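There's a structure below that I have some questions on.
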Amino acid sequence: MIQTDNAAKKLNAAIRRPIQGFRPPEDLSLSDWSDKYRRLSAENSAEAGPWRTSRTPYLKEPMNAFTDPKVKRIVMVAASQVGKTELELNAIAYIIDQDPGSILYIHPTLEEAKKFSRQRVAPLIRDNKRLRDKVADIKARDSGNTILQKAFPGGVLTITGSNSPAALASTPIRYVIGDERDRWAVSAGAEGDPWGLAQARQRTFYNAKAIEVSTPTIKGASNIEDSYYLGTQERWCHKCPECGEYGEITFERIKAEHTSKKIRGKKVYKIIEPVYWVCPHCGCLIPEAVMRRQPAKWIAENPDAYKDGVRSFWLNAFSSPWVTWGEIAKRFFDACEDKQRLKVVYNTLLGELWEDRDEIVDTDGLMARREEYGTNTDGIPVELPDGVLMLTCGVDTQPNRLEYEVLGHGHHGETWGIRYGKILGDPNDPDVWERLDDIVDKVWKFRDGKGLKISITCVDSGGLNTTAVYKACKARRSKKVFAVKGRGGEYPFIVPASKVAIENNPKNLCWLYMLGVDEGKAYIMSAVDVQEPGPKYCHFPKGEIYGYDESYFDGLLSERLELVETKSGKKWKWVKIPGHDRNEALDCRDYAMAGFRIIGPDTFALEKKLKEIPEPKTQKTEPKKARRKTPVEIYEDW
């Protein structure tokens, strides 16, 4: 008890001690104060020296919200490499110099709090004279300056972890700053929610303020997401130089051409510069260099929350001055085959919540997920929902029938089931193939009457119907109907087409694509696991005419990857799940996905063509170049 009392006396003496060179507070916003007085430390910044808000203009509004007397809480959901920690340090420095009060700075753990104090707070005080004059030297006797506590006239900065209940539930606190909120402990010991404990200490202050910052984590389990929706919900939007509208730069609107090759069995990607942003309003492709110079501003989706004193901001790394769009795209492609690495990219660069894809998807779950595609003005069910940019068809052959799926494709792997059906009859009968022609030749309609035809059809040529399939596909080559044959094991998803002889006649040839069906099935299963519309999400229609019934989903989920014993040792193989007798639905989707990969379309070019959006204006200083044909046009010419 004596030691505790002595420590309290020393701390109080340090708070009351007069500071040499004391200056009265100035009427400055946080951004103005930072521009005038803040200096970045060499060990923590590649651009050491005076702080410049103009370098990260997206931080100006969040900083000034802190000095807005009407704002009581600031929430910042942000990717890495955007400067969110500097926002917090600027706030701490401003409080010490201009508007003193006790500060509680909370990290996920006490260990991280100590590290932050040594590596970030100590250099902040050392390299900023106005703070150095107010916070006593840690070596001075009775200074009140320790690793976890920094005393200054009018207040104390306490740095702690969310797992430290003693620090979260003691003396009153005017300012609370929570860092990496999504990584906090669920409970501070037995005391309960750490954020609730910290906020409870602010009740006696009419001018209390809180800052909550974090990279996003898992959807449905993210504290910072919940806090964001309590506020103004602001997004950083750039002005399109073509149409003048403002839009957010997100990964789904980024067009990044890339090449890849395998080195020692691992894919290595190369991004082809420049990388473009596709304006959601006019569809024009704008290079990164142009968008970097465009005006930008925060646009609130819930501005009424300002009346409640809560401003919230969501920011990804596409606006960061320290990372290029090409670097972000490459990180994404490099991580595509590893869920844990991809999760990190989603959270830290794309600034997006990760969908927890470890949940077991079953038939009932997919049945419940079916959606209404709607009807047109005549009350007829819509065949193509908005978002579909291209159609492919996969056909599985059986001795007494054909089964097919027409699949719609959008941006970034998002798909829509359009029609699943069966054509009964022997594949050796020409009538069966004529009925398939009705599907291949059909113009599938959107709600507004516009339509699409199937761009490519892939027909399984394995089994007992090989000759019949070869003959039918050769006769329909002009309709881009191709024979395919699947191979298991470590085989590339798509191998360039080769010519095969029909009935061993070298003069009677058919094009054949070999498919690595295992890779295709792995992709389908990972896509089925995605829970929210967007990249890779699978849409399924509700209604008998579409064919997506219980038997379809049983077939789609009929196989799983297992480690099985073979003559050459244990290998991963796709095997049927007990109780799932048929796998035609999975095969049809595998072939339809292969068709999309074979063509390899530029979905943004398809979107512009479909919506009849004009080409972006060419620069007057550049000579007009001939437009390169898209893969779809090349196939049409062929």
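The numbers here are math on the coordinates, done by the rules we state, and not lab data. Fair warning: this is a prediction, and the values are worked out from it, not measured in the lab. As a convention, Cβ positions derive from the backbone with ideal geometry for all residues, glycine included, and neighbour counts pool all protein chains shown.
Residue by residue through segment 208-214, which ³J(HN,Hα) values in whole Hz follow from phi under the Karplus form 6.51 cos²θ - 1.76 cosθ + 1.60 (θ = phi - 60°), with glycine and proline marked x?
Computed from phi, the couplings for segment 208-214 are 5, 9, 9, 10, 10, 10, 5 Hz.
Beta carbons within 10 angstrom, averaged per residue: use that to sort the peptides 55-62, 288-295, 156-163, highest first.
Working: 55-62: 18.9, 288-295: 14.6, 156-163: 23.4.
In descending order of packing, they fall as 156-163, 55-62, 288-295.
If contacts are Cα pairs under 8 angstrom and at least 6 residues apart, what is the relative contact order of the chain in percent?
Values: 1258 pairs, mean separation 70.1, N = 638.
It rounds to 11 percent for the chain.
Suppose only helical runs count, i.e. DSSP H with n ≥ 4. What mean residue ellipticity at 222 nm does that imply for the chain under -39500 (n - 2.57) per run, divided by all residues and rounded to the nearest 500 deg cm²/dmol?
Working: 21 runs with 179 residues, N = 638.
About -7500 deg cm²/dmol.
How compact is segment 385-434 by the rule of thumb for globular proteins, expressed as Cα Rg over 2.2 N^0.38 Å? Kindly include the intermediate steps, with their values, before the conclusion.
On the way: Rg = 13.4 Å, N = 50, 2.2 N^0.38 = 9.7 Å.
Relative to the 2.2 N^0.38 Å estimate, segment 385-434 comes out at 1.38.
Need one word for segment 269-422: rounded, prolate or oblate. Basis is the Cα gyration tensor (sqrt eigenvalues a ≥ b ≥ c); a/c below 1.5 gives rounded, then a/b vs b/c decides.
Numbers: a/c = 1.83, a/b = 1.58, b/c = 1.16.
It comes out prolate by the Cα gyration axes.
How do Leu230, Leu104 rank when sorted from fewest to most other Cβ atoms within 10 Å of their own Cβ? Numbers along the way, then the final one.
Numbers: Leu230 15, Leu104 25.
Ascending number of Cβ neighbours within 10 Å: Leu230, Leu104.
Let me ask you something else. Can you bin the chain into rounded, prolate or oblate? Criterion: square roots of the alpha carbon gyration tensor eigenvalues sorted a ≥ b ≥ c, rounded for a/c under 1.5, prolate for a/b above b/c, oblate for the rest.
Values: a/c = 2.69, a/b = 2.20, b/c = 1.22.
In terms of gyration-tensor shape, prolate.
Here's something else I'd like to know. Could you please state, rounded to a whole Å, how far the C-alpha centre of segment 200-216 is from the C-alpha centre of segment 265-321?
If you average the Cα positions of each part, the centres end up 28 Å apart.
Could I get the Rg over Rh figure for segment 389-539? Both from C-alpha atoms, Rh via Kirkwood, rounded to two places. Please report the intermediate quantities before stating the final value.
Numbers: Rg = 16.1 Å, Rh = 16.4 Å.
Result for segment 389-539 is an Rg/Rh of 0.98.
A follow-up question, please. Going by a ≥ b ≥ c, the root eigenvalues of the Cα gyration tensor, does segment 27-233 fall in the rounded group (a/c under 1.5), the prolate group (a/b larger than b/c) or the oblate group?
Values: a/c = 1.43, a/b = 1.13, b/c = 1.26.
Rounded shape, in that the Cα axes give a/c under 1.5.
On to the next question. Would you please put 534-541, 513-520, 364-371, 42-49 in order of how densely packed they are, using the mean number of other Cβ atoms within 10 angstrom per residue and starting with the highest? Present the calculation step by step, with values, prior to reporting the outcome.
Working: 534-541: 19.5, 513-520: 21.4, 364-371: 14.1, 42-49: 11.8.
Ranking the peptides 534-541, 513-520, 364-371, 42-49 by packing returns 513-520, 534-541, 364-371, 42-49.
While we're here: With a sphere of radius 12 Å drawn around the Cβ of Glu43, what net charge do the other residues whose Cβ falls strictly inside it have (Lys, Arg +1; Asp, Glu -1)? Could you put the intermediate results ahead of the total?
Numbers: positive: Arg118, Arg120, Arg126; negative: Asp127.
My count for the surroundings of Glu43 gives +2.
Still on this structure, I have one more. For the chain, build the charge dipole from Cβ charges (+1 Lys, Arg; -1 Asp, Glu) around the Cα centre, then report which of Ala151, Ala335, Gly486 sits farthest towards its positive end.
Checked the options; the winner is Ala151.
Rounded to the nearest 10 degrees, what's the angle between the helix 584-599 long axis and the longest principal axis of the chain, both from Cα atoms, 0 to 90?
On a 0 to 90 degree scale, this one is about 80.
Using a Förster radius of 51 Å, what is the FRET efficiency between Ala497 and Thr377 based on their Cβ-Cβ separation? Nearest 0.05, please. Each step should come with its number before you reach the end.
On the way: r = 42 Å, r/R0 = 0.83.
Taking R0 as 51 Å, the efficiency between Ala497 and Thr377 is 0.75.
About the Cα centre, and with charges only on the beta carbon of Lys, Arg (+1) and Asp, Glu (-1), how big is the dipole of the chain? Nearest 20 debye, please.
Working: 98 positive and 92 negative charges, 609 e Å.
That gives the chain a dipole magnitude of about 2920 debye.
Follow-up question, since we're still on this one. What does DSSP give for the chain in terms of the percent of beta bridges that are antiparallel, rounded to the nearest 5? Intermediate values should be presented prior to the final figure.
On the way: 63 of 108 bridges.
Roughly 60 percent of the beta bridges in the chain run antiparallel, per DSSP.
Over segment 369-519, what relative contact order in percent results from Cα pairs under 8 Å that are six or more residues apart? Provide the component values of the computation, followed by the final result.
Numbers: 312 pairs, mean separation 27.2, N = 151.
Once normalised by length, the contact order is 18 percent.
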